[in-house]
1. To check my understanding: the extent here is largest minus smallest coordinate of the Cα atoms along each principal axis. What are those three numbers for segment 4-48, in Å, largest first?
2. Rank the residues Cys47, Cys12 as a footprinting-exposure proxy: fewest other Cβ atoms within 10 Å of their Cβ go first.
3. Can you list residues from other chains, or at least 5 along the same chain, whose modelled amide H is less than 5 Å from the amide H of Ile74?
4. Against the longest principal axis of the chain, how steep is helix 37-48, in degrees 0 to 90 to the nearest 10, with axes from Cα atoms?
5. Using only Cα atoms, what is the ratio of the radius of gyration of segment 32-99 to 2.2 N^0.38 Å?
6. Where does helix 79-88 land angle-wise versus the long Cα axis of the chain, in degrees 0 to 90, nearest 10?
7. Computed FRET efficiency, Cβ-Cβ of Lys88 and Val11, R0 41 Å: what is it to the nearest 0.05?
8. Given the alpha-carbon gyration tensor of the chain, what are the semi-axes of its equivalent ellipsoid in whole angstrom, ordered largest first, with each equal to the square root of 5 times an eigenvalue?
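Please treat every number below as a calculation from the coordinates, not as lab data. It should be emphasised that the depicted structure is a prediction, and the values quoted were computed from it without experimental measurement. Here Cβ is always computed from backbone atoms with ideal geometry, including for glycine, and neighbour counts include all displayed protein chains.
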Amino acid sequence: MANERRLTCIVCPKGCDLVVEFDDTGAIKNISGYTCPRGKDYAIAECTAPVRTVTSTVRCEDGEVVAVKTAKPIPKEKIFEVMAAINKVVAPNTLKIGDVVIEKVAGTDADVVATANR
Ligand code: SF4
């Protein structure tokens, strides 16, 4: 059975189909299917230390919701912890795009920032 993993590159809308082959030790042996260097970098990251940008919403003091996201990708295994932290936030009604809602969320080095104005 082939020791490989198939991925869809999510770096750009083209969505190239990537194939990562591993040797017997589990190390990456070959990567194919990418049409630019970013796809190769994505495949390596996804197979070694996968990350994601988290997008969500926070509730403001008056009950309205505002879109937020992590300012940079965070380790994939931290997603639930980050979402739990975001769900606890009650933001001020003066929230503006770029305002930091949570600093260094869930022990990562990423802030959660507003992506819309109130
Ligand atoms: S490999 Fe390059 S062109 Fe293909 S989806 Fe990824 S970023 Fe886009």
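1. Principal extents (largest minus smallest coordinate, Cα): 33, 14, 13 Å.
2. Details: Cys47 17, Cys12 12.
Starting with the residue having the fewest Cβ neighbours, the order is Cys12, Cys47.
3. Arg52, Thr53, Val54
4. With rounding to tens, the tilt is 80 degrees.
5. Details: Rg = 16.0 Å, N = 68, 2.2 N^0.38 = 10.9 Å.
That ratio works out to 1.46.
6. The angle comes out at about 10 degrees.
7. Numbers: r = 31 Å, r/R0 = 0.76.
Here the calculated transfer efficiency is 0.85.
8. On the way: eigenvalues 261, 43, 21 Å².
Here the semi-axes work out to 36, 15, 10 Å.
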